[in-house]
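Asker: Dropping a structure here in structure tokens format, bear with me for questions.
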Amino acid sequence: SELSATPSSIHARRAMRFLLPAALVAFGAVEAATCADHTCAAGTKKKADIDAVDDGGDAAATCCEVDDTKCASHTCAAGTKPKDGSAGTDKGADDAAAAAACCEDDPAVTPVPVTGTATFVAHATTEQAQTAVHTMLATLLSVNTVDVTATVTSAPKMPAAARRLDGHGGVFTHTAEFAVHFADLAAATAGHKKLAELPKADAEASLATQLEAAGGHSDADAEWAVTVVDPTSCAVFACPVGQKPKEGVAATAQGTTPATTCCETDSVSTVMEITGTMDFTATGTVANVQTAVQNMLTAQLNVPAHDVTITATATGAAAGEQQFAVEYTVRYATADAAMAGHNTLKALTLEDAAAALKTELVAAGVTVPDNFTVAKTDRQPEQTVPVRPTASGSFEVGMAAAAVMAVLALHP
């Protein structure tokens, strides 16, 4: 055994383990494995003219390459993740098809967008300018192209007669509205800082490179200018239903209580509420259960978490399975939106509701039984009606509330 052997003999034995197979192959005692003997994994394919090549002991690396037509070659956008088992699935003809075939929402990631506006002058069509900005932003910020959206509008900078004489279709002033999505706030903040502080010369050089690649070219004076919205500022915070942005705070940092920092009560708004209950058995804390139900509702209804209120109570032994009774309230700004939310929850079967809730409960650290079920009720929308004083001191219902009542009358 190696315990009783000398160090030199140990090294010799270990060397033989690697050298012997190669020696046997060299002398013809064993045939070398070739790529013809190897089957590539899902999402990869055989390299061209590779079958006769020795696999070198690492067949996957030697013999195979990623198949550009399969999901294995697609990078999912921020906030999504690859579907299980999708590596070998055909990804389709474009990014939209690939996203549908290969990716699904990642509940653990809420992407943070950095938005802005850029203007520049170039000999380029709108399509060429849009392609250039899209690629430029992805390159500068080291993000995937699927995480960048850009919409460009163009206006002629020279008279029509001069454009006809210009060999590149004329000079245009292009305006790009863009959004770059990052996986978290820290990455978004860093991206914002890089764009906001990017020297004009560096931006124009990068733009010129991408314009050439897209088939256009930069003007002698590209006149690049960019405005980027800080992702930590009140400008990007969506106030809860029933509140409105405070005046003069767009550039203010949101802080730890953004609704307080950025918003104030909107006395003329109408808040619509849908309410309901969920009852189920699980093992966990009330706080974790409330988090799970809130996450489930925000995902199902596509609403911000601050517009969802959860109250949960538990009965039973604190250390074991308990019966949880949950009351929820979801707030909307319009009756139509509230009715659509109500109909979404009403259409959710008990089986689908249990599956969606189970996923969120487990993610929140709550243990659920194998035969997990949920009982639920979904109530009709109700209105919170703002009133304002009249000159005589009495109160009248606002016009918004009257409109809400009319809409509700259409949805008995």
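Asker: Among the candidates A353, A338, A299, which residue alone is touching a Lys or Arg at 6+ places or on another chain (Cβ under 9 Å), in contact (Cβ under 8 Å) with a residue 12 or more places away in the chain and closer than 23 Å to V109 by Cα? So that I can check it myself, show each step before the final result.
Answerer: Values: A338 fails: closer than 23 Å to V109 by Cα; A299 fails: touching a Lys or Arg at 6+ places or on another chain (Cβ under 9 Å).
None of the other options fit; the residue is A353.
Asker: Let me ask another. Inside the stretch 165-180, can you point out the residues that are open to solvent by 60 Å² or more (accessible area, probe 1.4 Å) and either modelled with pLDDT of 95 or more or out of contact with any strand residue (DSSP E or B) (no Cβ under 9 Å at 6 or more places or on another chain) (or both)? Please lay out each step first, then the result.
Answerer: Just the residues of the stretch 165-180 that are open to solvent by 60 Å² or more (accessible area, probe 1.4 Å), to begin with: 165, 167-168, 177.
Residues satisfying the conditions are L165, E177.
Asker: One residue is enough: does the stretch 268-291 have a residue meeting the conditions among the aliphatic types (A, V, I, L, M), closer than 26 Å to L357 by Cα, touching a residue at least 60 places away in the same chain (Cβ under 8 Å) and open to solvent by 60 Å² or more (accessible area, probe 1.4 Å)? Break it down into steps so the answer makes sense when it comes.
Answerer: Let us first name the residues in the stretch 268-291 that are among the aliphatic types (A, V, I, L, M), namely 268, 271-272, 274, 278, 282, 286-287, 289.
Okay, now just the ones that are also closer than 26 Å to L357 by Cα, so 272, 274, 278, 282, 286-287, 289.
Then keep just the ones that are touching a residue at least 60 places away in the same chain (Cβ under 8 Å); that gives 272, 274, 278, 282, 289.
Retained after the next criterion (residues that are open to solvent by 60 Å² or more (accessible area, probe 1.4 Å)): none.
No, the stretch 268-291 contains no residue that is among the aliphatic types (A, V, I, L, M), closer than 26 Å to L357 by Cα, touching a residue at least 60 places away in the same chain (Cβ under 8 Å) and open to solvent by 60 Å² or more (accessible area, probe 1.4 Å).
Asker: Then there's this: Suppose we filter the stretch 206-242 for residues that are more than 26 Å from the chain's Cα centre (by Cα) and open to solvent by 60 Å² or more (accessible area, probe 1.4 Å); how many remain?
Answerer: 6
Asker: Shifting gears a bit: Cβ-Cβ under 7 Å, sequence separation 6+ or interchain: first residue in the stretch 377-389 and at pLDDT 80 or above, partner open to solvent by 60 Å² or more (accessible area, probe 1.4 Å) and of a type in the set (D, E, K, R). Which pairs?
Answerer: Once the first residue is at pLDDT 80 or above and sits in the stretch 377-389, its partners that are open to solvent by 60 Å² or more (accessible area, probe 1.4 Å) and of a type in the set (D, E, K, R) give D378/K346.
Asker: Quick one: would you say G56 is part of a loop (DSSP other than H, G, I, E, B), at pLDDT 90 or above and over 30 Å from P156 (Cβ atoms)? Write out each step before concluding.
Answerer: Numbers: part of a loop (DSSP other than H, G, I, E, B): yes; at pLDDT 90 or above: no; over 30 Å from P156 (Cβ atoms): yes.
In short, no.
One line per residue, one yes/no per condition, for (1) over 19 Å from the mean Cα position of the chain (by Cα); (2) surrounded by fewer than 19 Cβ atoms within 10 Å (Cβ to Cβ); (3) outside any strand (DSSP E or B):
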{"residue": "N295", "(1), (2), (3)": "no, no, yes"}
{"residue": "Q300", "(1), (2), (3)": "no, yes, yes"}
{"residue": "I310", "(1), (2), (3)": "yes, no, no"}
{"residue": "Y328", "(1), (2), (3)": "yes, no, no"}
{"residue": "R331", "(1), (2), (3)": "yes, no, no"}
{"residue": "D336", "(1), (2), (3)": "yes, yes, yes"}
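Asker: Would you point out the residue of the stretch 347-369, among those that are among the β-branched types (V, I, T) and more than 18 Å from Q323 (Cβ to Cβ), that is least open to solvent (accessible area, probe 1.4 Å)?
Answerer: Of the stretch 347-369, the ones among the β-branched types (V, I, T) are 349, 359, 362, 366-368.
Subsequent filtering for residues that are more than 18 Å from Q323 (Cβ to Cβ) retains 349, 359, 362.
On the way: T349: 59, T359: 84, V362: 85 Å².
Only one residue fits best here, namely T349.
Asker: Here is a further query. Would a scan of the stretch 64-77 turn up a residue that is assigned to a strand (DSSP E or B), under 25 Å from the mean Cα position of the chain (by Cα) and more than 30 Å from E223 (Cβ to Cβ)? Quick ask: steps written out before the conclusion?
Answerer: Of all residues in the stretch 64-77, those assigned to a strand (DSSP E or B) come to 64-66, 70.
Narrowing the set further to residues that are under 25 Å from the mean Cα position of the chain (by Cα) leaves 66, 70.
So of that shortlist, the ones also more than 30 Å from E223 (Cβ to Cβ) come out as 66, 70.
Scanning the stretch 64-77, I find at least one residue that is assigned to a strand (DSSP E or B), under 25 Å from the mean Cα position of the chain (by Cα) and more than 30 Å from E223 (Cβ to Cβ), so the answer is yes.
Asker: Here is a further query. Considering only residues that are open to solvent by less than 20 Å² (accessible area, probe 1.4 Å) and in contact with a His (Cβ under 8 Å, 6 or more places away or on another chain), look in the stretch 107-122 and name the one that is nearest to V362 (Cα to Cα). Explain how you work it out, then say what you get.
Answerer: The first filter runs over the stretch 107-122 and keeps only residues open to solvent by less than 20 Å² (accessible area, probe 1.4 Å), leaving 114, 116, 118, 120-122.
Subsequent filtering for residues that are in contact with a His (Cβ under 8 Å, 6 or more places away or on another chain) retains 114, 120-122.
Numbers: V114: 31, F120: 50, V121: 53, A122: 53 Å.
Selected residue: V114.
Asker: Also: Could you pull out every one of the helices (runs of 4 or more DSSP H) wholly within the stretch 183-288 that has 2 or more residues that are over 29 Å from A77 (Cβ atoms) and at pLDDT 90 or above?
Answerer: Working: elements: 185-196, 200-214, 258-262.
Because the criterion is at least 2 residues that are over 29 Å from A77 (Cβ atoms) and at pLDDT 90 or above, the helices (runs of 4 or more DSSP H) in the stretch 183-288 that meet it are 200-214, 258-262.
Asker: Is there a residue being polar (S, T, N, Q), out of contact with any His (no Cβ under 7 Å at 6 or more places or on another chain) and assigned to a loop (DSSP other than H, G, I, E, B) anywhere in the stretch 345-355? Steps first, answer last, please.
Answerer: Step one: of the stretch 345-355, the residues polar (S, T, N, Q) are 349.
Now restrict to residues that are out of contact with any His (no Cβ under 7 Å at 6 or more places or on another chain): 349.
Keeping just the survivors that are assigned to a loop (DSSP other than H, G, I, E, B) gives 349.
Yes, that holds for at least one residue.
Asker: OK, next. Show the residue pairs meeting these rules: Cβ distance below 9 Å; 6+ apart or different chains; first residue within the stretch 175-202 and among the basic types (K, R); second residue in a helix (DSSP H, G or I) and surrounded by 16 or more Cβ atoms within 10 Å (Cβ to Cβ).
Answerer: Close Cβ pairs satisfying both conditions: K194/L140; K194/L141.
Asker: Only one of these conditions is not met by G43: (1) loosely packed, with under 11 Cβ neighbours inside 10 Å; (2) on the phi > 0 side of the Ramachandran plot; (3) at pLDDT 85 or above. Which number is it?
Answerer: Only one criterion in (1) loosely packed, with under 11 Cβ neighbours inside 10 Å; (2) on the phi > 0 side of the Ramachandran plot; (3) at pLDDT 85 or above is unmet by G43, namely (1).
Asker: Taking E127, is it farther than 25 Å from E360 by Cβ and open to solvent by 50 Å² or more (accessible area, probe 1.4 Å)?
Answerer: Working: farther than 25 Å from E360 by Cβ: yes; open to solvent by 50 Å² or more (accessible area, probe 1.4 Å): yes.
Yes.
The values are calculated or read from the model by the stated rules, or taken from the named source; none is laboratory data. Remember, predicted model here, so these are calculated numbers, not experimental data. Every residue, glycine among them, receives a Cβ derived from its backbone with ideal geometry; neighbour counts consider all protein chains shown. Side chains included, ligands, DNA and RNA excluded: accessible areas come from the protein's heavy atoms. Shrake-Rupley method; radii C 1.70, N 1.55, O 1.52, S 1.80 Å.
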